[in-house]
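Notes follow the structure.
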Amino acid sequence: MRIAIERRLNPSTWASWGGLGLSILLALIMGGIVFFMVGANPLKAYSVMAAGAFGSLYNISEVLVKAIPLILCGLSVAISAKILIWNIGGEGQLVVGGIGSAAIALFLSPYLPSFLVLPLMILAGFIAGGLWASIPGLLKARMGVNEILTTLMLNYVAIYWLEHLYFGPWRDPMGMGFPGTAIFPESAWLPRFPQTRVHLGLIFGIVAAILLQVILWRTRWGYEIRVIGENPKAARLARMKTTQYILWVMFVSGGLAGLAGMAEASGIHYRLQQGLAVGYGYIGIIVAWLSRLHPTGLILVAIFLASLLVGGDQLQSVMHLPSSVGLVLEGTLLFFVLGSDFLSRYRIRLSPK
Amino acid sequence: MGQALIRMEGITKRFPGVLANDHIDLEIEPGKIHALLGENGAGKTTLMSILSGRYRPDEGAVRVGEKRVRFSSPSDALQCGIGMVHQHFMLIHNQTVAENITLGLHRPRFFLHRKKVEEKVEGLSKTYGLSVNPTATIEGLSLGEQQRVEILKLLYRNVDTLILDEPTSVLTPSEIEELFATLKNIVREGRSVIFITHKLEEVMEIADRITVLRRGRVIAHLTPNDVESRRELARLMVGREVVLKVEKKPLALGEVVLELRDCSGFDERGHPAFHNISFAVRRGEIFSIVGVAGNGQSELVAAIMGLKPFSSGEILVFGKSHQRKASPPMEEVGYIPEDRMGMGSIPNLNLLDNLILTSYHQFYQHGLFQNEAAREMRDGLLSKFHIVVPNRDALARQLSGGNLQKLILAREFSRSPKLIVAEQPTHGLDIGATEEVWMELLKQRERAGILLISGDLKEVLSLSDRIGVIFRGRLMGVFSSEEEDWIGEIGPMMAGVKRG
């Protein structure tokens, strides 16, 4: 037998969605094998995960809590990928966004009317994340420096800077040595939905997704972004201002991740502390690609991945499985979905030798 | 040499949505030059890729002598003495000629006997008139020389059957003559040559046997003596009468729309690309610059279109100079780039997005997309320019080459430009599509001045009012297409020979 790979002329939407379903099923089967290998009953493990994620209204709300930063970080990756830039610095931009908004909450809020505190924090988070992403943006646009390296490296800079702040100058003097800033004043807390930890960040995410969707497919900016991303030469032919767009898109991309950091700090922790940088920026990359850079579809993917995170935590506490099993499941899923994406664009034929 | 007869019997090959070869029978006799004639997409290259082991037939058999062979790779075919020079050469650019020629050979296993290889290559190039320096690196060679390396590669492997895919498309007229002499040398020894082409004159000049393919089927097996006229051959190839001479009436010339004064510019590596170029194009005429690809044309066009800076001189569009980095007004200049996929279109976006590329400001009011207006424009252009599409929401990459080019023409001409720059507008298109493109250009000439950049002499002679010949970045001469005694000089001028 010989295997031939051929490009499909007309990739069908049916095949691509069917493929997505099939790949999730296959990933679950593979994950089941992994559960089996670590000595757990796969069916029981999945039911624990499902119960953990969707077993009660509170659990569902916890899924949404984790989905919020994933949506924003996913959008951040998606918008930059549309213009052919790999922003894998979401984690750092999230952190810097958190720092920016915390600066307002900690040092400026006493001098502000309380209704102004949150809007200013939102603005500060967005701008701080955006400026942080503009460093690689500028390097890319002006000097052609590879943004994959610069965005990634700036993550570490941001995280160490955050640690420096809450271990050092911004540490809570009344915190009994606990590493973290003082609790924000209440005017700096994002309102939560009753009985849950779901905060207003969910609305940020949904509004941002809808806005991006409209901008990308209905406005001149979106058209220019899509043309520049798909074919920079054609964009030059049409006299589009590629350099300017790279700068703007990087700013907005970083701003979205920064907004995620603001929402985490002001909606969940009410301070800067260790739990701020827990990898949402990286999972955002997976979210963006699983949703095929489709802003509104991305919301569903983010919720799905959040349910894996929440359900995976249950594996650890209920079944005493290593927490890395959840990560294995996530990786398997990405692997199969990218595989199905490939199969929807190409087909494999077996032919006798 | 005692080469065997090769027979292809009932070869059928399907690609997704296309029947590329439909039960084709073909015999290759030793000692003959076989021409495989057909339009683009007729299935010539597919058929030969099967013979050379690159593809496998869905049905049918290949026999060498009495033995049925099944190739699963090009190296299997080489073992049986069959090798192919593809249209896009397969050479390693930073290696030498000799290294490329021995690439993939199992012997020597480890050590390269460079001297020996170089001597053998030199011997071969002397015998067959394929002059090329075995120690030169590929990137410094012209396309003609690279082609010689590809042929030497096959001769070095002692191939009996050489397949050449559109070998003359990259050559100057004099290089074509040299190639033909070499091919005659090769068949004299009992080897055979298969020559894929869509150019009738070449077939008549060199072929001993002619096979005409159309839409994946064999239409005729002929010898040159059977052919009554070129028109007859063209009819076989296309299936209907082809206008070989385009009717065009002279028009009253209007104002100057493009003028170059003493322009010079550099290529990407900073070498001079064109020197002291001066000419003017008026509304109502087609001015052609003809030359072999790579003689400074693309840099010149980039300078005119404001895509690349030029170093000295002046370029005036509608009487206004655009200096160095600035660009001419997009609304009134239509541009048909040479690279349809890479620059002219956005393959992964839909027809609508592609059609508005150079006029998109019109379709966004207050930044918002005017869907209705754009769809109306799209539907109008698709029918007006006879663009065949799988469906109206298709992506640009799903169009065939000819239809994609018509889409680009539709986009550029719909703005009623007063200046049109068309770069190799029919390169790679079949006769039917070529004709449509020509007709459109002639229609546009009634209201615009057209600068046509082409390597195809026939195209230039059919369309132009005036012709400039470019060689190594210099205009060798400019003359009217009426001056018939000049026409014979164009070929030599393209190769750098000035009339003495």
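The values are calculated or read from the model by the stated rules, or taken from the named source; none is laboratory data. Please read all numbers here as calculations on a predicted model, not as lab measurements. No Cβ is skipped: glycine too gets one built from the backbone with ideal geometry, and neighbour counts run over all protein chains shown.
Close Cβ contacts (under 8 Å, 6 or more residues apart or on different chains) running from residues in segment A:121-142 that are without any contact (Cβ under 8 Å) to a residue 12 or more places away in the chain to residues that are in a helix (DSSP H, G or I) and among the polar types (S, T, N, Q) comprise A:139/A:150. What is the number of the single condition among (1) in contact with a Gly (Cβ under 9 Å, 6 or more places away or on another chain); (2) of a type in the set (Lys, Arg); (3) within 14 Å of chain B (Cβ to nearest Cβ) that residue A:236 does not meet? All conditions pass for residue A:236, except number (1). Taking the criterion of being touching a residue at least 24 places away in the same chain (Cβ under 8 Å) and either surrounded by 13 or more Cβ atoms within 10 Å (Cβ to Cβ) or out of contact with any strand residue (DSSP E or B) (no Cβ under 6 Å at 6 or more places or on another chain) (or both), the residues of segment B:384-398 that qualify are B:384, B:385, B:386, B:389, B:392, B:394, B:395, B:396, B:397. Restricting attention to segment A:209-227, the residues that are at the interface with chain B (Cβ under 10 Å from one of its Cβ atoms) and assigned to a helix (DSSP H, G or I) total 11. Residues of segment B:306-334 that are under 17 Å from residue B:423 (Cα atoms) and modelled with pLDDT of 90 or more: B:333, B:334.
Of all the residues in segment B:339-383, those that are surrounded by fewer than 20 Cβ atoms within 10 Å (Cβ to Cβ), in contact (Cβ under 8 Å) with a residue 24 or more places away in the chain and not in a helix (DSSP H, G or I) number 4.
Across segment A:239-253, the number of residues qualifying as within 13 Å of chain B (Cβ to nearest Cβ) and either modelled with pLDDT of 95 or more or not in a helix (DSSP H, G or I) (or both) comes to 3. Considering (1) more than 14 Å from chain B (Cβ to nearest Cβ); (2) of a type in the set (Val, Ile, Thr); (3) farther than 19 Å from residue A:54 by Cβ, the lone condition that residue A:310 does not fulfil carries the number (3).
If you go through segment A:270-291 and keep only what is under 20 Å from residue A:164 (Cβ atoms), in a helix (DSSP H, G or I) and either of a type in the set (Val, Ile, Thr) or in contact (Cβ under 8 Å) with a residue 40 or more places away in the chain (or both), you end up with A:274, A:276, A:281. Of all residues in segment A:143-152, those satisfying the criterion of being in contact (Cβ under 8 Å) with a residue 24 or more places away in the chain and either of a type outside the set (Val, Ile, Thr) or in contact with a helix residue (DSSP H, G or I) (Cβ under 6 Å, 6 or more places away or on another chain) (or both) are A:147, A:150, A:151, A:152. Report yes if residue A:101 is among the polar types (S, T, N, Q) and either under 15 Å from the mean Cα position of the chain (by Cα) or more than 24 Å from residue A:182 (Cβ to Cβ) (or both), otherwise no. Taking the combined requirement at face value, the residue does not satisfy it.
For residue A:194, the criteria (1) within 14 Å of another protein chain (Cβ to nearest Cβ); (2) surrounded by fewer than 21 Cβ atoms within 10 Å (Cβ to Cβ) hold in every case but one, which is (1). Restricting A:329, A:272 to residues that are in contact with a Gly (Cβ under 8 Å, 6 or more places away or on another chain) and closer than 30 Å to residue A:344 by Cα narrows the list to A:329. Within segment B:159-185, track down each residue that is assigned to a helix (DSSP H, G or I) and either of a type in the set (Lys, Arg) or in contact with a strand residue (DSSP E or B) (Cβ under 6 Å, 6 or more places away or on another chain) (or both). Once the filter is applied, which keeps residues that are assigned to a helix (DSSP H, G or I) and either of a type in the set (Lys, Arg) or in contact with a strand residue (DSSP E or B) (Cβ under 6 Å, 6 or more places away or on another chain) (or both), segment B:159-185 yields B:183, B:184. In segment B:347-369 there is no residue matching the filter, namely being more than 16 Å from residue A:218 (Cβ to Cβ), more than 10 Å from chain A (Cβ to nearest Cβ) and touching a Pro at 6+ places or on another chain (Cβ under 8 Å).
Taken together, the criteria place residue A:52 among residues that are surrounded by 12 or more Cβ atoms within 10 Å (Cβ to Cβ), closer than 30 Å to residue A:205 by Cα and at pLDDT 85 or above.
Exactly one residue among A:161, A:86 is under 23 Å from residue A:210 (Cα atoms) and surrounded by fewer than 22 Cβ atoms within 10 Å (Cβ to Cβ), and that residue is A:86.
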